[in-house]
């Protein structure tokens, strides 16, 4: 049953907002065993290439400082938020929240090396993500585009960088608590450090006046659309219909795919990025991409059928009826995020009402309005040749020919015996260029250098550009003069210090015959 009926999960959601120690607290009555989460508005999008994984490291340091307990608790760092959550008796959950606040206030950085080792063992850097590849196609190596790369790794993070990140982002002005169940009469406190409310960087998108397609290394197929509002029920129901159509064709009719998913990322009160990601059978990525684009185009032109709208609404209703506690907690989590982000909160009951009132024309209009922002993603290995009407967008700055400048090549003997090693770099007043054996060229302007990562042997480095280009410069490839010529062009603050030997991951051993 649903809003307007006698019963139903959404009828009973009555989010209450109070304030405790300067932090918004979103609550709703619930079971005796409460579930709560302390949420901070910081994630991977708030890092840089050089500081990738620093938010996750702060999360690990905090959780590692808590005493042993049988409480069901954990933490998660995502592209947009970091949350510490627990389920149990009210007093135990309150103690957990208090412990998190205390650890944030006095970050146990003496455990830095140990927790970096745990992150290396966990091996869950954000690189190779289809979502990240889509965001990088729009924003390159900034904001959510950082998710496309794992960065240099947690081994490069220093205590100074970690503490500075925590001081900026893990403050009461950037936090909210949601609590499902009765609040304890005493014992709940949020003794977080205070600081200026952090302002999130909104990276400028790449100019785009028509839909494009792009390639990168992540698996799967995807479609990215920009919406002009964080709340657009016509867009959200349209995305559900799109996923259902792709499932019907790519999975059920043709056996090319298994799963379709989507994610909405709010970057600003007037900007939401909506991504649809589809997996694909190996060798069938190009065909799945065509299906995805054709169905998007069809929905943008004529909209869904009335039956498709009814089916989407029925699926929403079924989801809400299936897990009453889950519905309440999703509502509370959304309210907490909106409180941090400063965007309007829309209760689930209101969203469902808007879905029920939706028309095919409104859905078509919402999808069509986002068409010029569309990015279709296909993996590099797919052999995709494009779709009529879509322009190709290269992920990084390809140049048809290398600029004039001081040229350094691989050794003559190497070029003679190995055609694929016929590489060269060109150092100019404007930037660094690289040419490979196939004639492909890449260029990083000096002002666009994001970081320089040293090689383990100390004889070279990789220059990383915000334009997604990466160029390796090494003595054994181009000689010492090449290394010196590039080194003198790049400011000292962009060079990453080599990590301590204890943090380095050894190269895999060669198999023994």
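Summary table below
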item	result
Which listed residue, of 147, 118, is out of contact with any strand residue (DSSP E or B) (no Cβ under 8 Å at 6 or more places or on another chain), in a helix (DSSP H, G or I) and within 28 Å of residue 465 (Cα to Cα)	147
Members of segment 451-469 found to be in a strand (DSSP E or B), closer than 15 Å to residue 433 by Cα and touching a residue at least 60 places away in the same chain (Cβ under 8 Å), listed by number	464, 465
Search result, residues across segment 400-413 that are surrounded by 15 or more Cβ atoms within 10 Å (Cβ to Cβ) and closer than 30 Å to residue 289 by Cβ	none
Extreme residue, farthest from residue 489 (Cα to Cα), among residues of segment 414-446 that are exposed (fewer than 14 other Cβ atoms within 10 Å of the Cβ) and free of Cβ contacts under 8 Å to residues at least 12 places away in the same chain	417
Count of segment 13-59 residues which are closer than 25 Å to residue 102 by Cβ and touching a residue at least 12 places away in the same chain (Cβ under 8 Å)	30
Among residues of segment 470-488, those that are touching a helix residue (DSSP H, G or I) at 6+ places or on another chain (Cβ under 6 Å) and in a loop (DSSP other than H, G, I, E, B), counted	0
Members of segment 412-436 found to be assigned to a helix (DSSP H, G or I) and either at pLDDT 90 or above or in contact with a helix residue (DSSP H, G or I) (Cβ under 8 Å, 6 or more places away or on another chain) (or both), listed by number	414, 415, 421
Residue selected from segment 84-106 under the condition touching a helix residue (DSSP H, G or I) at 6+ places or on another chain (Cβ under 8 Å) and not in a helix (DSSP H, G or I), by the criterion farthest from residue 272 (Cα to Cα)	88
Leading residue by the ranking (farthest from residue 296 (Cα to Cα)) among those in segment 337-350 that are touching a helix residue (DSSP H, G or I) at 6+ places or on another chain (Cβ under 6 Å) and part of a helix (DSSP H, G or I)	349
Extreme residue, surrounded by the most Cβ atoms within 10 Å (Cβ to Cβ), among residues of segment 260-296 that are without any contact (Cβ under 8 Å) to a residue 24 or more places away in the chain and under 24 Å from residue 232 (Cα atoms)	260
Members of segment 166-203 that are without any contact (Cβ under 8 Å) to a residue 40 or more places away in the chain and closer than 18 Å to residue 59 by Cα	167, 168, 171
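The values are calculated or read from the model by the stated rules, or taken from the named source; none is laboratory data. The model shown is predicted, which means the values in this text are computed figures rather than measured ones. Neighbour counts are summed over all protein chains in view; Cβ atoms, including those assigned to glycine, are modelled from backbone coordinates with ideal geometry.
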